[in-house]
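Working notes, beginning with the structure itself.
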């Protein structure tokens with residue numbers, strides 16, 4: 001993670017938190033661990049946490065309490081990177097983690113040892129299991145596309161991205177993708193709702209599947225405007241994977257976005273056939289994208305900006321939004337043992353041990369997201385004073 005939040009105004013707090021020397025011992029579930037002394041406001045606030053329950057059952061998962069030393073890679077993770085994501089969660093924390101947010105903010109200027117000691121004092125790790133006891137699931141990844149577009153249609157830029165049409169009703173099916181492309185009433189309903197035009201229909205499909213993206217739009221006067229297009233609704237039709245359609249046809253063996261584009265280059269007459277295999281269409285809203293905003297991803301389901309490399313999408317029936325999660329995944333694409341925050345969800349993210357890892361924007365992120373699918377284990381870090389998720 002390349003971006004780190006700084007708090008230059010907290011000079012006095014820094015001297016209090018970091019200036020003391022010596023240490024005391026914290027006896028946690030994972031054994032003795034050194035805790036820096038002289039930091040009562042951040043590390044050891046008044047009121048000790050109560051004993052946590054041995055297990056917690058959610059709608060789609062069961063959590064089993066474990067010792068801290070069962071978390072792989074706990075001593076190696078650069079926790080300050082995850083702290084940036086946690087600070088974002090504290091903008092909309094909810095009742096469970098809200099009481100901890102003042103301490104989270106103070107510790108944002110602490111070092112990794114302080115942050116780790118505080119985690120072990122205030123939180124209890126639980127391994128996430130499926131309801132039938134399985135501890136291993138699947139990790140995939142998603143990204144924010146970065147595309148070029150034009151405000152006006154042209155021979156080069158001819159694929160429209162739309163705002164929601166008037167009369168769209170949530171939960172009520174609207175025209176399918178094929179009907180939008182072929183029926184006059186659907187086209188009339190969308191006339192004047194165009195935000196911008198892309199050059200490649202596969203890019204438009206990719207943007208709709210990801211749900212948001214950074215788009216550099218050429219304006220009618222020739223200037224370029226960088227914006228973020230964000231999810232604003234859909235036609236409420238079922239999602240069907242175009243990649244799955246190609247695989248079922250035997251057309252490709254690799255269903256990555258580059259492979260799909262290469263297939264279309266060889267089969268240009270079948271572009272509509274491919275696109276119409278997915279009847280679902282996503283509509284967008286447009287947001288300005290400042291230099292500061294560009295350091296973060298789009299807002300996830302929790303309502304806060306995602307942090308590349310430290311935000312995951314989960315099934316909220318398994319893990320509530322805003323929960324810190326320890327993630328382990330070892331495979332050909334990545335080897336990870338790290339702290340992340342559950343800040344988003346997605347249509348395909350279902351089940352007890354399931355996560356989608358936000359990898360950022362740009363070509364490298366797109367390439368990684370296209371090939372990441374590997375085993376996963378998860379541990380939620382839950383406040384010791386809380387008896388059950390809310």
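The values are calculated or read from the model by the stated rules, or taken from the named source; none is laboratory data. Please read these numbers as outputs of a predicted model, since none were measured by experiment. Here Cβ is always computed from backbone atoms with ideal geometry, including for glycine, and neighbour counts include all displayed protein chains.
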Selection over region 274-295 where residues are assigned to a loop (DSSP other than H, G, I, E, B), surrounded by fewer than 22 Cβ atoms within 10 Å (Cβ to Cβ) and touching a helix residue (DSSP H, G or I) at 6+ places or on another chain (Cβ under 9 Å) yields a count of 3
Tell me the helices (runs of 4 or more DSSP H) entirely within region 82-157 that contain at least 3 residues that are buried (at least 20 other Cβ atoms within 10 Å of the Cβ) and in contact (Cβ under 8 Å) with a residue 12 or more places away in the chain. 112-122
Cβ pairs under 6 Å, 6+ apart or interchain, first in region 331-346 and on the phi < 0 side of the Ramachandran plot, second crowded, with 19+ Cβ neighbours inside 10 Å and modelled with pLDDT under 95, ordered by first then second residue, are 333/372; 343/300; 344/300
Among the residues of region 228-247, is any in a helix (DSSP H, G or I), exposed (fewer than 13 other Cβ atoms within 10 Å of the Cβ) and under 25 Å from the mean Cα position of the chain (by Cα)? yes
Number of positions in region 158-167 that are assigned to a strand (DSSP E or B) and without any contact (Cβ under 8 Å) to a residue 60 or more places away in the chain: 2
Checking 199, 269, 204, 188 in turn, the sole residue that is without any contact (Cβ under 8 Å) to a residue 12 or more places away in the chain, under 29 Å from residue 167 (Cα atoms) and out of contact with any helix residue (DSSP H, G or I) (no Cβ under 8 Å at 6 or more places or on another chain) turns out to be 188
Looking at 346, 322, can you tell me which residue is part of a loop (DSSP other than H, G, I, E, B), closer than 27 Å to residue 230 by Cα and touching a helix residue (DSSP H, G or I) at 6+ places or on another chain (Cβ under 8 Å)? 322
When restricted to 369, 364, 333, the only residue under 13 Å from the mean Cα position of the chain (by Cα), modelled with pLDDT under 95 and either more than 20 Å from residue 130 (Cα to Cα) or assigned to a loop (DSSP other than H, G, I, E, B) (or both) is 369
Near pairs, Cβ below 6 angstrom, 6+ apart or cross-chain, from region 241-254 (closer than 20 Å to residue 207 by Cα) to any residue that is in a helix (DSSP H, G or I): 242/274
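Listed here are the residues, each with its yes/no results for (1) within 30 Å of residue 91 (Cβ to Cβ); (2) at pLDDT below 95.
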{"site": "260", "(1), (2)": "no, yes"}
{"site": "284", "(1), (2)": "yes, no"}
{"site": "287", "(1), (2)": "yes, yes"}
{"site": "296", "(1), (2)": "yes, yes"}
{"site": "310", "(1), (2)": "yes, no"}
{"site": "313", "(1), (2)": "yes, no"}
Which ones in region 212-221 are within 26 Å of residue 292 (Cβ to Cβ) and part of a loop (DSSP other than H, G, I, E, B)? 219, 221
